[in-house]
Amino acid sequence: MKIAICDDEKYIRDFIAESISKEVENADVICFESAEGMLEADGNVDIMFLDIQMAGMDGMELARQVRSRGSNAVIIFVTALEEYVFKAFDVKAFNYLVKPINKDKFGEVLHAAIEEVMHRPNQPISKESEGKTFLIKANGLSRNIAISEIAFAEVFNRRIVLHMKDNDEIEYYGRMADLEKIVGGDFFRVHRAYLINLSAIQSYNSKVVQVMGLELPVARGKYQDLVRAYLSYNTRGL
């Protein structure tokens, strides 16, 4: 997940960045001290914290410029004067924080913003990470998952377990059909309960596929599709 902070006060930038690092694992946080600097960077982000009152271009105008470029980022305004926030409806702002920022309120607003991003149509979090990462919530913590590091996924009772290549196991509530759309063509669903990364296959036959030393069942009627998918995967770019 990519998060941008634009505020001309360094201690506010530092506070927000440090707070995010405590709440969101592996978040990509970018800080700017001016609206002009952020516009010049012109990167795709998922969440923006924008100070309304800044020297030069203010945060409200920055938000208008960002929206005019087609960004659908979740915008959270930061301001010392609450009355400025009423103009936020014009740029479809998600929420606002009043300085000095309350830690509990910040956490509440941040997690609400993350939920907003997570409930968008099934797709990775930002354009740069398309096909590479996606966000889940596991054990109360938002986590960025590297798709290429998943060996296979299994599902039972609406709980998905991601078996990572480093032998880590990450469990969260979700639907396998949604995960299948997110991870894309490098994965194949060999069975209603198993979705495998084609790069992790060690061997296979008409009954089982071996991944990380484990034998996972191949559903009846899936074998030929598995063979085609695996051959296609291994000949890409040739």
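Hey, can you tell me all the residues within the range 1-24 that are of a type in the set (Asp, Glu) and free of Cβ contacts under 8 Å to residues at least 40 places away in the same chain?
14, 18
In the range 25-62, what residues are surrounded by 17 or more Cβ atoms within 10 Å (Cβ to Cβ) and in contact (Cβ under 8 Å) with a residue 60 or more places away in the chain?
Within the range 25-62, 27, 44, 45, 46, 47 qualify.
Name the residues in the range 185-221 that are free of Cβ contacts under 8 Å to residues at least 40 places away in the same chain, part of a strand (DSSP E or B) and not hydrophobic (A, V, I, L, M, F, W, C), would you?
If the condition is that a residue be free of Cβ contacts under 8 Å to residues at least 40 places away in the same chain, part of a strand (DSSP E or B) and not hydrophobic (A, V, I, L, M, F, W, C), then 189, 191, 202, 203, 204, 210, 215, 217 are the ones that fit.
Given the condition outside any helix (DSSP H, G or I), over 19 Å from the mean Cα position of the chain (by Cα) and not assigned by TED's automatic domain parsing to the domain that holds residue 25, answer yes or no: does some residue in the range 171-184 qualify?
no
The values are calculated or read from the model by the stated rules, or taken from the named source; none is laboratory data. If you're wondering where the values come from, they're calculated on a predicted model, not measured in any experiment. Cβ atoms come from the backbone with ideal geometry, glycine included; neighbour counts cover every protein chain shown.
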